[in-house]
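Down below is the structure, laid out as C-alpha cells.
The values are calculated or read from the model by the stated rules, or taken from the named source; none is laboratory data. Since the structure is predicted, the reported quantities are computational estimates derived from the model, not experimental observations. All Cβ positions, glycine included, derive from the backbone under ideal geometry; neighbour counts span all protein chains shown.
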Amino acid sequence: MKRLFSALVLVGGIAVVAPAVTAVQAAAPIPEFTGGVVPSLAPMLANITPGVVNIAVKGRVREQNPLLQDPFFRRFFNVPQNQQGYQERETQATGSGVIVDAAQGYVLTNAHVVEHETSITVTTKENRKFAAKLVGRDADTDVAVLKIDDGHLTAVPMGDSDRLQVGDFVVAIGNPFGLGQTVTSGIVSALGRSGLGIEGYEDFIQTDASINPGNSGGALVDLRGNLVGINTAILAPGGGNIGIGFAVPINMARQVMEQLVQGGEVHHGRIGVVVGDNSDRARQADAAEGAFIADVVPNSPAAQAGIEKGDIVVAVDGKPIHSATQLRNSVGLAPVGRELRITFARGGVDHTVSVEVAAAANDNTGTIARSRRKQ
C-alpha cells in the first residue's frame, strides 16, 4: 500500500501497479586486497534472511459511493432506503515481515500492511506458505504481530536500537515492488526522527539503505545480523527511493509486541502533563535539553507526584530525555499501572519522583499545538 504524507510513503502495497524498475550499474567497485579475502555480507545474510518473510494480505474496505447519494440514482436502480451510500471492495496488499520468535511463530510487521485484513499469507525465503493469524496491531506505532504455526522457522535475533549511532552500517531486507526478497545496504543517517505526521508515536531511525514500496515490515539489521528496526516509510516525492527511509526502532516495536502478545491490543499511557520543547526555558532551568512542562492536569498522576508547570523533565527511569517527543514516547509506550522514575529540573536542582502511568483518554491525548502535546 502506498499512502502519501507530505511526500512520505508508507512502503507496503495495496493493488498498485509498480513503476518500471530501471537497472542501474553500481558505481562503487568491490575493493580488492592482495592475498586477502574480499569483504562480504553473505555469511551473515545466510543466517538471517530465512527469517525475513513476504506477506500477502486480502481484505475488504468500505468506500463512499457518490452515486448512492443521488436520490434519482437510488430510485432508478431500486436501491433500498436503508442502504447507506457505501460500497465494499476487495483489496490486496503486499509487504514484508520478520520472524522474531521461531518457537511461538511470531512475526513482526507494520500495522498498515495488515490493515482491513480478511486473510494473510506468509511466504518464507524457501517458498513455504503459511496462513497467518493476526495477533494484534497498533496504528499509533504502526506495529503488528502475526502468528504462524510451524516447528522449523528461523528467527532474526533482536538487537538494541538504543545503541545505534549515526554512521553505523545497516542492511535492509524486504520485498520491494513484489520482486521477492531483496537486500540493500547503507548507514544510519539520523536517529530520533519525529514530527513526520505518519504515526502517533515517532522515534524513527533514518537510513539511506534503499527502501521501496513493498519493504514495509521488513528488517533493518546491523552488520552482526541483529534486528535494529522495522522498515516503515520513505520520503518519496516521485514515489520511489531517494535515499531517505525510516524504520521503527526495534526497542519500540518490542514494547508494543509484548502488549499485543499478552492482550491483543496496546493501552497507551499518560501521566497528565502538557509538554513542549523549549530550549530557552531549559537553559534557564540549568538543563541543556529536556521536555518543558507547559501545564499539569489537576489530580493527574503527575500532579499527585509533585510535578509542576515550568519543570524540565530530563530523564525517565535513568534514561536522558532530550525532547518532548521522547518523553511522550517513554510514557505512552509504558504499560498502564507501571511506575516511572521521572527526573526533572526545577530552579537548577534535579528532583526524582515516582509516577504511576494511567490509561490514555480515547481522544488520543488531545493535541494542544504541534509542539505541545498532552501526555
Residue satisfying all of: in region 125-144; more than 23 Å from residue 178 (Cβ to Cβ) and among the hydrophobic types (A, V, I, L, M, F, W, C); modelled with the highest pLDDT among these
135
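Yes/no matrix, rows are residues, columns are (1) crowded, with 23+ Cβ neighbours inside 10 Å; (2) more than 20 Å from residue 41 (Cα to Cα):
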| residue | (1), (2) |
| --- | --- |
| 182 | no, no |
| 192 | no, yes |
| 198 | no, yes |
| 211 | yes, no |
| 214 | yes, yes |
| 218 | yes, no |
| 228 | yes, no |
| 234 | yes, yes |
Would you be able to tell me the number of residues in region 109-144 that are of a type in the set (A, V, I, L, M) and within 18 Å of residue 200 (Cβ to Cβ)?
6
Select, from 209, 172, 132, the only residue that is under 17 Å from residue 245 (Cβ atoms) and part of a strand (DSSP E or B).
172
